[in-house]
Amino acid sequence: MATLSAPLRVCRGILKELRAQQGPTYRQSLAYTYVMDQFRKNKVTGERYCRAQQEAHHASQTYLCLLESTRYHLALHNLYHGTGERSPEEVAGLVGLRLPTQPGGKGWEK
């Protein structure tokens, strides 16, 4: 099983993603309030290994992964999907290829 990062790092990561999505007014959102309440509620206590705390930390790590992946997906979607119809030359250049050129003199090429 992969090790979990520190809860403070996960909390900061979630807040960073909320700030990226909602802008400077993210602190007034319900998501911010909920995340902060959950992290305050599941602080480290005197128990060294608490199953509920580990479950909450794992859920927060998963939520952070979801937020980051959604942001990356939207960036890729906007990059590759936004221009509509493309010519074959443009599409080939997009993936790093070149179309072959017809050797001259046939009369039908431009």
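Looking only at the stretch 11-23, filter to residues that are surrounded by 15 or more Cβ atoms within 10 Å (Cβ to Cβ) and among the hydrophobic types (A, V, I, L, M, F, W, C); which one of those is farthest from Y72 (Cα to Cα)?
C11
How many of the residues making up the stretch 24-33 are loosely packed, with under 11 Cβ neighbours inside 10 Å and modelled with pLDDT under 90?
The qualifying residues number 1.
One line per residue, one yes/no per condition, for (1) at pLDDT below 80; (2) part of a helix (DSSP H, G or I); (3) surrounded by fewer than 10 Cβ atoms within 10 Å (Cβ to Cβ):
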site: Y49; (1), (2), (3): yes, no, yes
site: Q54; (1), (2), (3): yes, yes, no
site: H57; (1), (2), (3): no, yes, no
site: L66; (1), (2), (3): no, yes, no
site: A75; (1), (2), (3): no, yes, no
site: E85; (1), (2), (3): no, no, yes
site: E90; (1), (2), (3): no, yes, no
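Can you tell me which condition L97 does not meet? The list is (1) part of a helix (DSSP H, G or I); (2) at pLDDT 75 or above; (3) out of contact with any Pro (no Cβ under 9 Å at 6 or more places or on another chain), and all the others hold.
In the conditions (1) part of a helix (DSSP H, G or I); (2) at pLDDT 75 or above; (3) out of contact with any Pro (no Cβ under 9 Å at 6 or more places or on another chain), L97 misses (1) alone.
The values are calculated or read from the model by the stated rules, or taken from the named source; none is laboratory data. Since the structure is predicted, the reported quantities are computational estimates derived from the model, not experimental observations. Backbone-built Cβ (ideal geometry, glycine too); neighbour counts: all protein chains shown.
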